[in-house]
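So the structure is just underneath, and the comments pick up after that.
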Amino acid sequence: MVFGRSSRGQRPIEPVTLKILVAGGFGVGKTTLVGAVSEIKPLRTEEVLTEAGRPVDDVAGVEGKTTTTVAMDFGRITLRDDLVLYLFGTPGQDRFWFLWDELAQGALGAVVLADTRRLEDSFAAVDYFERRDIPFAVAVNCFEDAIRFPAETVRTALDLDPEVPLLMCDARTRESVKDVLVAVVEHAMIRARQQREPAVTT
Amino acid sequence: MSQAGDDPKHWFDGDAGPVVRPYAMTRGRTSTATRHRLDLIAIVIPASAAGDPAGDRTLSPEHVEIVELCRASPQSIAELAAGLDLPVGVVRVFVGDLVESELVHVTRPVPPAELPDVNILREVINGLRAL
Ligand SMILES: Nc1nc2c(ncn2[C@@H]2O[C@H](COP(=O)(O)OP(=O)(O)OP(=O)(O)O)[C@@H](O)[C@H]2O)c(=O)[nH]1
Ligand SMILES: [Mg+2]
């Protein structure tokens, strides 16, 4: 039991929290990627949804309605006492798009994890982030048994804009995942600058 | 929750999805429109005046547990949901109650449609590189 109040002058730090989404098809390595950099074992949260596919806390009088659950996993990186980054692995299926909407709100950016053997599994995520104007990078998870393609081939296949970062990665390796995350945030920063200072036409 | 006899695992089912009523715990209440939707990464911080929540008869064991978890270390809605093994929506209802009773407050993450500050992004990059 906790009786003590936090002593005066020692107010709890209120960290700024940020999030990056990790999207991609089934089994592409989302949870592995989150686990490679997270300071906690990836945790799992569940949303309860109505059959109609809306999160239940949005509607009144849900009692008695049929519901289903969907799981998301997430990790945490404390960058400083007052700056915490959360990574959310999003369910790959299209029918959970509304969860992406919630997660994407206020997200600083996203990683689309791709597997060259099933590139088409990444189309939905690429499309989604393009449409919502959410800065994202594509990371090709290099499974040993997959044929390596040159980055340009992947870029063309995914029809990526030239400024979208594309990296080869190993979702199991911390350094590799760090590079991916840095690429996302750098891309987000460039975009933020451009939007803040509209290009001067000469 | 520990006091209820149910195993929370039965809520989870990868595919078809079980038919469940997790909101029985919140007596069917859902977060109301007047409450802003609590973001998954909103941090729940106990009010310094929160005293001893366990002695408060108006609180359920879940409310008390949330206050005590956050007192040990402030944490996000997502972490509370994972730690308590409760659906996020249910945790939102409980935290909403606690906010209304002024036992906790929550941080507001970057509002939607607003970009994080360029300086914060730079700090994130530096922080990641230093990991
Ligand atoms: N060889 C190799 N295996 C990997 C790599 N990344 C992930 N895996 C393996 O691939 C499998 C799936 O990885 P997960 O991280 O669970 O994939 P996921 O995207 O979270 O999967 P779902 O959540 O089910 O969609 C696991 O067995 C991982 O160990 C990689 O870079 N190389
Ligand atoms: Mg996974």
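The values are calculated or read from the model by the stated rules, or taken from the named source; none is laboratory data. Nothing here was measured: the structure is a model prediction, and the numbers come from that model. Here the Cβ is made from the backbone with ideal geometry for all residues, glycine too, and neighbour counts use every protein chain on show.
See the values below:
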read-out: All positions within the range B:52-86 that are in a loop (DSSP other than H, G, I, E, B) and within 11 Å of chain A (Cβ to nearest Cβ); value: B:Asp52, B:Ser73, B:Pro74, B:Asp85, B:Leu86
read-out: Odd one out for A:Arg118, checked against (1) modelled with pLDDT under 95; (2) more than 16 Å from ligand 2 (Cβ to nearest atom); value: (2)
read-out: Subset tally (residues that are more than 16 Å from ligand 2 (Cβ to nearest atom) and modelled with pLDDT of 85 or more) for the range A:77-104; value: 10
read-out: Filter result for the condition that a residue is crowded, with 18+ Cβ neighbours inside 10 Å and within 16 Å of ligand 1 (Cβ to nearest atom), over A:Val185, A:Val140, A:Val164; value: A:Val140
read-out: Evaluation of A:Ile147 against (1) in contact with a Gly (Cβ under 6 Å, 6 or more places away or on another chain); (2) assigned to a loop (DSSP other than H, G, I, E, B) (one fails), failing number; value: (1)
read-out: Odd one out for A:Asp82 among (1) within 14 Å of ligand 1 (Cβ to nearest atom); (2) more than 15 Å from the chain's Cα centre (by Cα); (3) not hydrophobic (A, V, I, L, M, F, W, C); value: (1)
read-out: Flag if B:Leu40 is more than 8 Å from every other protein chain (Cβ to nearest Cβ) and at pLDDT 80 or above; value: no
read-out: The range A:20-37 residues that are of a type outside the set (Gly, Ala, Ser), paired with ones that are near ligand 2 (Cβ under 9 Å from one of its atoms) and in a loop (DSSP other than H, G, I, E, B) (beta carbon under 8 Å, 6 or more apart); value: A:Phe26/A:Gly92; A:Val28/A:Gly92; A:Lys30/A:Gly92; A:Thr31/A:Pro42; A:Val34/A:Pro42
